[in-house]
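Heads up, the thing below is written out as structure tokens.
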Amino acid sequence: MSLPLILSAEVTRARESGGAIVALESTIITHGMPYPQNLEVARTVEADIRAAGAVPATIAVINGALHIGLEDDELSSLAQSKGVAKLSRADMAACMATGGTGATTVAATMIAAHLAGIHVFATGGIGGVHKGAEDSFDISADLMELAQTPVTVIAAGAKAILDVAKTLEVLETQGVPVIVYGQDAFPAFWSRGSKLKAPLRMDDPAQIAAAHRMRAQLGLPGGQLIANPIPHSAEIPMQELAPIIATAQADAVRAGITGKAVTPYLLQRIFELTDGRSLEANIALVRNNAALAARIALNLVG
Ligand code: PSU
Ligand code: MN
């Protein structure tokens, strides 16, 4: 039995012509944002990548097939589907084997992108070490994926729903290069700055592409995490968000939320508590990441 892999028309063309392709995850669509904004954002981000001269490949499992790039009707139907599974490394094969439909997290999207020969992937935020992980042991599989799958992932740092310092420690232990784009502080998703220093800094997409190639030449497994600060105009100051995040976290504990439900619960709760402002910021940073990803991808094919 061959692997059920379906490439979109534009991804097929890009692969034939050697064009630059940027992978996009789908969990952000199904579990990260409400409808209809999720669909609007997914389409806008794809358009941003095309405008930058690359081709978007949104990745998802639909009826058992792994899609690399979604046609617009598929994107639209996924954005409206209820009860779509959230797939990471652990559950991707089981979903496909049973003909299921699921959205891919950062980890699963990296696996799919690598399979399709795509080197660059843009998202909003990665999963990481959750606050209280010393009790819950909640550490996202995204971190271990970065250690083993050779895809360069562009994110806006890690959300303050996570223990960002511990997240950076795990990435260091796992040998994952964390490169901040254009500044010295590690960005904190909704805010540009944080007290944490950039493990590595690069100011030029060509250098990021060169580092990706160099790792391959050294025979090192794993990818790179590029932390791209949110644009100034969209930033929400940390002082404003900290109490909201604390409330969301306390609500999650009280509601007994565990496992893969934690991140979607917190994102939804923060959206409610900020009257949708968190979403505006989220949209701006994903678009910013897509644009940088396209520039890196163009350097990798050029
Ligand atoms: N962090 C965000 N937004 C997101 C996610 C994480 O700021 O949408 C999603 C991504 O798909 C990520 C996943 O891969 O949540 C991580 O989930 P978990 O913490 O259960 O590993
Ligand atoms: Mn988790």
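The values are calculated or read from the model by the stated rules, or taken from the named source; none is laboratory data. Quick caveat, the model's predicted, so the values are computed rather than measured. Cβ coordinates were reconstructed from backbone atoms using ideal geometry, including for glycine residues, and neighbour counts include every protein chain displayed. To get the accessible areas, we keep the full protein, side chains included, count just its heavy atoms, and leave off ligands, DNA and RNA. Shrake-Rupley method; radii C 1.70, N 1.55, O 1.52, S 1.80 Å.
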Overall form of region 194-268 per C-alpha gyration tensor (a/c, 1.5; a/b vs b/c): oblate
In square nanometres and to one decimal, what's the mean projected area of the convex hull around the Cα atoms of region 152-302? 9.4
On the accessible surface of region 179-300, probed at 1.4 Å, how many percent belong to carbon and sulfur atoms? 58
Per residue value of the accessible surface for the chain (all protein chains in place, 1.4 Å probe), Å²: 42
May I ask for the net charge around Ala147, where only other residues with Cβ less than 15 Å from the Cβ of Ala147 are counted and Lys, Arg are +1 while Asp, Glu are -1? -2
Take the alpha-carbon centre of region 229-290, take the same for region 69-125, and report the distance between them in whole Å. 22
Loop only by DSSP, 16 or fewer other Cβ within 10 Å of the Cβ. Give me the trypsin sites (Lys or Arg not before Pro) in region 166-213 that pass, ordered by residue number. Lys195
Would you rank Ser76, Ser26 by solvent-accessible area, highest first, keeping every protein chain in place and using a 1.4 Å probe? Ser76, Ser26
Mind grabbing the accessible area of Asp135 for me, 1.4 Å probe, Å², rounded to tens? 140
Ala242-Ser17 FRET efficiency (beta carbon distance; Förster radius 51 Å; 0.05 resolution): 0.60
Which entries of Lys82/Lys159; Lys166/Lys197; Lys131/Lys159; Lys159/Lys260; Lys82/Lys260 have Cα-Cα distances beyond 19 Å here? Lys82/Lys159
Is it possible to state the helix-based mean residue ellipticity at 222 nm for the chain, with each DSSP H run of 4+ residues giving -39500 (n - 2.57), the sum divided by total residues, to the nearest 500 deg cm²/dmol? What is it? -14000 deg cm²/dmol
Which value, in Å² rounded to 10, gives the accessible area of His114 with a 1.4 Å probe and all protein chains present? 100
When a/c reaches 1.5 or more, the comparison of a/b and b/c decides; with that in mind, is the chain rounded, prolate or oblate per its Cα gyration tensor? rounded
